[in-house]
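Working notes, beginning with the structure itself.
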Amino acid sequence: MGKRQPTKTEPPEAARPDLLDILAAGVPPAFATDGENRIVFWNKGAEDLLGQPASTVLGKQCFSVLGGRDLFGNRFCHRECSVVSATREGEAVLGYEFALRPANAAESRNFAVTVFQIFGSRPETFTVVHVLQPVDHGSRLASFLRQIESPKGLDVLTPLGTLPPVPAADDPPLTEREREILHWVAAGLQNKEIAQKLDISLATVRNHIHRILEKLEVHSKLEAVSLAFRRGWVAGEGVHALEN
């Protein structure tokens, strides 16, 4: 028998894993920011490690949320930090180390941060993924990086220069349900968790995500949430409202 062809309601399996599908498992802790320093993804690992839920940080600028300092006590997180500046200039950023006090801790902790600079099919979907690890547990991070560092894993394109200004929010080309699903994708939920939360099937969630990517003309969930935050179609307070 020949190989069964996917139906119209069943999108074909992606040729390469979506980075957010990997990070939605919560290990390792990670968050992503867009070209304007907005947090557009925050997984359960980051929530547990830093003591702040996605509902309170999504859509906010990362430097105001983290307030990290270098190992000499100087402010590291700010509007024009070295990571942002280097990325906009097309320079590679391998990683950095900083200290911050998690909301659930009494004192500051040191973290090693590995950076993935992701350039999508359009300039406004420029994103930077930050993978966090306490500095005394580097082996787990190294193992993770070996798994996803393959060229087949990510679409990393040539930087397209300084980002254009954020346009005013307009009517999204998405249904209310599709926007709701993007909220939960940004909040770090896996497809199966979204299905349980919305009381729909896993196949339905996959179909919605497939249509979202097609409508927005992007290639990954990361590009989709970055574009949605940039255009004002998804906001952090929206996630908070959905949780109540």
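Any read-out appearing in this document is the output of simple, stated calculations on the displayed coordinates, not a laboratory observation. Since we're looking at a predicted model, the values are computed, not measured. We place every Cβ from the backbone using ideal geometry, glycine too, and count neighbours over all the protein chains shown.
Summing Cβ point charges (Lys, Arg +1; Asp, Glu -1) relative to the Cα centre of region 19-148 gives a dipole of roughly 140 debye. Taking the number of Cβ atoms within 10 Å of each Cβ as an exposure proxy, the fewest-first ranking of THR87, THR33 is THR87, THR33. A Förster radius of 35 Å combined with the Cβ-Cβ distance from GLU214 to ARG75 puts the calculated FRET efficiency at roughly 0.25.
Can you tell me the length gained on complete extension of the stretch THR204 to ARG109, counting 0.36 nm per residue apart and subtracting the Cα distance?
Taking 0.36 nm per residue and subtracting the Cα distance, the gain is 30.1 nm.
In this structure, the residue pairs whose Cα-Cα separation is over 22 Å, taken from LYS60/LYS215; LYS44/LYS197; LYS44/LYS192; LYS60/LYS197, are LYS60/LYS215; LYS60/LYS197.
Classify region 19-148: rounded, prolate or oblate, from the alpha-carbon gyration tensor (a ≥ b ≥ c, eigenvalue square roots; a/c under 1.5 rounded; otherwise prolate if a/b is larger than b/c)? Rounded shape, in that the Cα axes give a/c under 1.5. Dipole magnitude for region 176-243: about 160 debye, using +1 per Lys or Arg Cβ and -1 per Asp or Glu Cβ, origin at the Cα centre.
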